[in-house]
């Protein structure tokens, strides 16, 4: 970037890239700090992405969105933002060993999934054998044998959700017995419950076979992980931004955090972890940032 950026977007997933496109089209100088792979890259094929009735891979989504942001002048730089502090009416960020002063920051840092300790789990996710989002792809579980791995009542809720699609749902509870309080719901919904650690896993061509109880193997068409996530909110937390009980950021209707000039969108914000939601939040945040800077520069109508 030949001139200093006005806005720093931290995170190059769907939320960050959408915000970058909007801000660049608002003729703002925007820099996107790409601190690592987005969760979207795990998506084998998304069938609920608006506009793609035949489905689209996560890699293709990110590639198209990166190209679109770049088309309007947004600059993407590899590397994590190492530090962020408030400086007057703006912020100073440290990126790749240098300090950048910007007028506004949008956090699109997402969350980190807690994957089950299964051999070859990353490859299994890529092949859709282990999944992390029944809202995204529960439709593909219709009438299939489905297992959910959980360690608390989140597993119960996810198993109940998947009963929409199949009557062959099994919850494998690998946590302490005291962490499971929804057994009555499982019985009422006809969900099988297995309380045992997973000792071994076979990832075959199209199925997952898990040895987890009784010394025998069981085969499943799909396995879902319901082990939760951890929000990537350390930078905001260091600035004193308000967090929810789940550690994700609280924002106002314009996606601004409790720190003036610091905005957030996507999975790091409390709400539904969906690409459509993330992009909508990013559009709201980018528009609010642009209007805030316009107001600061005396470019808004005062007499209306």
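The values are calculated or read from the model by the stated rules, or taken from the named source; none is laboratory data. Just so it is clear, the model here is predicted, and its values are computed rather than measured. Using ideal geometry, Cβ is built from the backbone for each residue, glycine included, and neighbour counts are taken over all protein chains shown.
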* Does any residue of the range 236-247 turn out to be under 30 Å from residue 89 (Cα atoms), crowded, with 19+ Cβ neighbours inside 10 Å, at pLDDT 90 or above and out of contact with any strand residue (DSSP E or B) (no Cβ under 8 Å at 6 or more places or on another chain)? -> no
* Looking only at residues in the range 248-260 that are in a loop (DSSP other than H, G, I, E, B) and touching a strand residue (DSSP E or B) at 6+ places or on another chain (Cβ under 6 Å), which one is surrounded by the fewest Cβ atoms within 10 Å (Cβ to Cβ)? -> 248
* Report yes if residue 263 is in a strand (DSSP E or B) and at pLDDT 95 or above, otherwise no. => yes
* Asked: What number of residues within the range 83-118 are surrounded by fewer than 15 Cβ atoms within 10 Å (Cβ to Cβ) and under 30 Å from residue 147 (Cα atoms)?
  -> 3
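Let's see how each residue does on (1) touching a strand residue (DSSP E or B) at 6+ places or on another chain (Cβ under 6 Å); (2) within 21 Å of residue 293 (Cα to Cα):
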position	(1), (2)
14	no, no
18	no, yes
30	yes, yes
37	no, no
54	no, no
73	no, yes
88	no, yes
* Any idea which of (1) touching a strand residue (DSSP E or B) at 6+ places or on another chain (Cβ under 7 Å); (2) surrounded by fewer than 18 Cβ atoms within 10 Å (Cβ to Cβ); (3) at pLDDT 90 or above is the one residue 177 doesn't satisfy? -> (3)
* Asked: Only one of these conditions is not met by residue 125: (1) at pLDDT 90 or above; (2) within 26 Å of residue 270 (Cβ to Cβ). Which number is it?
  -> (1)
* To do: Would you check if residue 60 is within 30 Å of residue 296 (Cα to Cα), buried (at least 16 other Cβ atoms within 10 Å of the Cβ) and at pLDDT 90 or above?
  => no
* Kindly list the number of the only condition in (1) part of a loop (DSSP other than H, G, I, E, B); (2) in contact with a strand residue (DSSP E or B) (Cβ under 8 Å, 6 or more places away or on another chain) that fails for residue 288. => (1)
* Name the residue, out of 58, 79, that is touching a helix residue (DSSP H, G or I) at 6+ places or on another chain (Cβ under 7 Å) and assigned by TED's automatic domain parsing to the domain that holds residue 238. => 58
* Exactly one condition in (1) touching a helix residue (DSSP H, G or I) at 6+ places or on another chain (Cβ under 8 Å); (2) under 30 Å from residue 142 (Cα atoms); (3) surrounded by 12 or more Cβ atoms within 10 Å (Cβ to Cβ); (4) assigned by TED's automatic domain parsing to the domain that holds residue 61 is not met by residue 222; state its number. => (4)
* **Residue identified as under 22 Å from the mean Cα position of the chain (by Cα) and either touching a residue at least 24 places away in the same chain (Cβ under 8 Å) or closer than 17 Å to residue 225 by Cα (or both) among 175, 138** => 138
* **Filtered residues of the range 121-161 (kept if within 30 Å of residue 10 (Cα to Cα) and either touching a helix residue (DSSP H, G or I) at 6+ places or on another chain (Cβ under 9 Å) or not in a helix (DSSP H, G or I) (or both))** => 122, 125, 126, 127, 128, 130, 131, 132, 133, 134, 135, 136
* To do: Would you check which residues across the range 24-60 are farther than 27 Å from residue 82 by Cα and in contact (Cβ under 8 Å) with a residue 60 or more places away in the chain and list them?
  => 26, 43, 44, 45, 46, 47, 48, 49, 50
